[in-house]
1. From the list B:167, B:146, B:130, which one is assigned to a loop (DSSP other than H, G, I, E, B), at the interface with chain A (Cβ under 9 Å from one of its Cβ atoms) and over 21 Å from the mean Cα position of the chain (by Cα)?
2. Can you name the residue in the range B:209-227 that is out of contact with any helix residue (DSSP H, G or I) (no Cβ under 7 Å at 6 or more places or on another chain) and more than 19 Å from residue A:118 (Cα to Cα) and is also farthest from the other protein chains (Cβ to nearest Cβ) among such residues?
3. Can you tell me which residue is surrounded by the fewest Cβ atoms within 10 Å (Cβ to Cβ) among those in the range A:120-159 that are touching a residue at least 24 places away in the same chain (Cβ under 8 Å) and more than 11 Å from the chain's Cα centre (by Cα)?
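Just so it is clear, none of the values below were taken in a lab; they were calculated from the coordinates. Because the structure is predicted, anything quoted here is derived from the model rather than measured. We place every Cβ from the backbone using ideal geometry, glycine too, and count neighbours over all the protein chains shown.
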């Protein structure tokens with residue numbers, strides 16, 4: 001399992017915007033979610049960049065262009081994208097739990113490698129945690145049933161012991 | 001329209017001009033929808049179902065890398081951003097591991113923007129593995145250009161008071177920023193003088209920036225249309241408040257009939 005997040009070495013201008021956003025220069029709680037960002041276009045005339053550094057994220061205009069149709073997966077190399085749970089084919093419970101745990105570990109790695117963490121990562125971790133607890137609970141239903149039947153059994157033994165003592169006139 | 005979010009009450013002024021204007025000052029508009037991070041979306045290949053749903057209207061696909069740099073050796077990361085552009089490149093859809101945005105530099109009206117946003121949301125529902133958005137933002141960048149007239153005559157005097165009061169000389173830069181905040185959303189308003197230096201041989205033209213960014217947090221997929229409507233309404237109320245009747249009259253005339 002890959003515990004590390006892949007880092008591409010070549011720098012990009014978009015990184016500078018991201019770095020400023022990540023630095024959390026504005027400390028107000030209002031900025032916990034940041035501002036609405038532009039990713040694809042740039043308004044060149046905007047002269048409030050310094051005041052608005054968290055707000056707008058641009059991409060380099062020299063980004064590689066490819067025809068959308070060419071990027072559609074060919075039948076031979078289709079990698080199935082994660083479908084909603086109800087559409088996913090039935091697979092081993094262990095495999096599913098392992099997949100969830102793997103995704104969780106990747107996010108936890110990011111969480112611990114960074115000083116600040118986005119609301120989106122927290123939200124996904126919460127989702128994965130609840131799925132993990134649901135599919136692989138620390139205490140299973142079988143264990144609870146077993147404990148409950150043990151309690152019933154102990155109570156029955158205690159009851160019969162009391163009845164026997166009463167019948168034989170014994171002090172307890 | 002009844003309030004669904006506490007943030008809906010942040011702008012108290014109400015405009016009667018929503019359907020009045022024939023043109024706009026918009027330079028750029030974006031609707032950004034953030035969702036719980038899904039690392040798969042940051043991989044090299046965008047989800048095929050998403051590509052298929054958008055390729056008719058957005059046939060050009062670009063890919064870019066986003067790098068996150070921060071203080072300390074561990075604070076770095078990268079992921080891919082998939083950008084789908086319309087044939088004329090005036091509309092763009094960006095998809096990354098935790099957000100989706102719809103941007104335009106050729107805004108023609110809210111109905112068109114709304115329709116495109118909901119189309120993209122419909123395509124995204126199948127891939128984001130979440131039934132809610134952590135944040136939805138709607139942002140409009142307007143630049144008011146008043147031709148030969150002084151731009152301050154087109155802007156609400158409450159905003160330009162330091163300039164129009166004539167208490168100061170040599171104002172080199174001027175701007176303001178107001179953050180409105182509620183538990184479930186907010187609105188960021190930035191405004192100020194902007195110098196347009198498009199013509200190299202002419203002195204810079206003075207214009208006025210009105211940048212309105214309104215957002216709501218934790219919005220379920222089913223509430224998305226309502227959230228977009230109410231955020232647009234809020235942004236428009238604030239935009240209209242920022243103008244004077246001179247600007248409103250200009251916006252009310254059809255661009256085709258005003259020339260020459």
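1. Working: B:167 fails: at the interface with chain A (Cβ under 9 Å from one of its Cβ atoms); B:146 fails: at the interface with chain A (Cβ under 9 Å from one of its Cβ atoms).
On inspection, the qualifying residue turns out to be B:130.
2. Out of the qualifying residues, it is B:226.
3. Across the range A:120-159, the extreme among qualifying residues is A:135.
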